[in-house]
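The values are calculated or read from the model by the stated rules, or taken from the named source; none is laboratory data. No experiment lies behind these values; they were computed from the predicted model shown. Glycine also receives a Cβ, built like all others from the backbone with ideal geometry; neighbour counts cover every protein chain displayed. In case anyone asks, the SASA skips ligands and DNA or RNA and just uses the protein heavy atoms, side chains included. Shrake-Rupley method; radii C 1.70, N 1.55, O 1.52, S 1.80 Å.
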Amino acid sequence: MKPRDYSGPADLAAMQRIVQRAWNPDSHWHIGDLAWQRPSMPDRTIALWDEAAWAWFSAGNGLEMAAPPELVGAVLAWFDEMAGDDEKSVTVMETDAAAIDGLTAAGYRPAQTTTFFRHCLRELDDTLPAPQITAGYQVRSVRPGELAARAAVHRAAWQLKRLGEMQVPPVDLGEGGSGMTTARYGEIIGHWPYRSDLDLVVEAPDGSLVGSALGWIDDVNHVALLEPVGVDPEHGRRGLGAAVSLACLHAMRAAGATLAVVCPRGDDAYPVPRRLYHAVGFHDAGRTVTYQR
Ligand SMILES: CC(C)(COP(=O)(O)OP(=O)(O)OC[C@H]1O[C@@H](n2cnc3c(N)ncnc32)[C@H](O)[C@@H]1OP(=O)(O)O)[C@@H](O)C(=O)NCCC(=O)NCCS
């Protein structure tokens, strides 16, 4: 089967269908991951194998894929052809035996990097506690007309300086910000399965937005994804991250999801998000592994 080049949002929807058809609790991807990453697609080299598999890589030659066992070899051959002889890495789920066998057969070996992502799961049932919202703050869905403010609250949480301070040990990442713009957020909300009732914000006493949690539902598999959660550091450590996460989980349960997944860093160098998700009842499940050649 020959790959075809990615050609825009219709192919993104095809990639989501591939993910949705194969989804299980060990899956690397949820349909919401792809929608969230829509604005980055033009920066990647992406191929699809009909409605069966896809793969992408960007600068740095790090490949990610969703492929059934019989197409792993074809994906790796395409990567060789496209990325040439330069150093390459491929990240897959640790439980994806077919991908790991294919990588090993193609000469890849476990990478030295200690960075990985830990998938965490939580049943959406009566054990879900009610959010405790810090006095004076309000958690609610984003409203029409708040696109610019919604993008701005994302930027406030993902300032590089703050992300560097959250690392262990702290790292100086400079003063830059996240690349989120109003236009980029506009692309995300225009793509299936975005729902504004699952896009929650925290409103501070002065009316400004200071936190957010975005939920995505795969209504075939009844599985919810929390991606991403952020709180402006000026309002951090007041329980707002936990409150907006729980409110979003409740909204997704009410919309029919029975299981939630979240995918924070699992290594010790960026531990805070995983702590937050454990604090709202997620438990560790599978993890990613990176292979190199
Ligand atoms: C992760 C983040 C959303 C937490 O928001 P927050 O409002 O400060 O979190 P909360 O006050 O609700 O904290 C909930 C729990 O998370 C953990 N936690 C939060 N911040 C922490 C920190 N700086 N150090 C250690 N643990 C921390 C604690 O277990 C805390 O419970 P506790 O206060 O009872 O000890 C916020 O730090 C953030 O926006 N970070 C940058 C963006 C990011 O990495 N998002 C997550 C990945 S999508």
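General remarks:
- Subset of the range 161-187 (residues that are open to solvent by 60 Å² or more (accessible area, probe 1.4 Å) and in a helix (DSSP H, G or I)): 161, 165, 183, 184, 187
- Taking strands (runs of 3 or more DSSP E) as the structural unit, no element lying wholly within the range 15-96 holds at least 2 residues that are of a type in the set (Lys, Arg).
- A Cβ distance below 9 Å, combined with a sequence gap of six or more or placement on separate chains, defines the contacts here; from the range 238-250, residues that are charged (D, E, K, R) reach residues that are open to solvent by 10 Å² or more (accessible area, probe 1.4 Å) and near the ligand (Cβ under 8 Å from one of its atoms) in the pairs 238/231.
- Note on the range 197-235: residues that are more than 24 Å from residue 136 (Cα to Cα), out of contact with any Cys (no Cβ under 8 Å at 6 or more places or on another chain) and open to solvent by 10 Å² or more (accessible area, probe 1.4 Å) amount to 5.
- The set of residues in the range 2-30 that are open to solvent by 40 Å² or more (accessible area, probe 1.4 Å) and polar (S, T, N, Q) comprises 7, 24.
- Among the candidates 253, 195, residue that is more than 7 Å from the ligand (Cβ to nearest atom), closer than 20 Å to residue 38 by Cβ and in contact with a strand residue (DSSP E or B) (Cβ under 9 Å, 6 or more places away or on another chain): 195
- Lone qualifier among 239, 215, 230, 281 - being in the same structural domain as residue 165 (by TED's automatic domain parsing), more than 23 Å from residue 115 (Cβ to Cβ) and within 9 Å of the ligand (Cβ to nearest atom): 239
- In the range 117-128, the residues that are within 24 Å of residue 265 (Cα to Cα) and part of a loop (DSSP other than H, G, I, E, B): 124, 128
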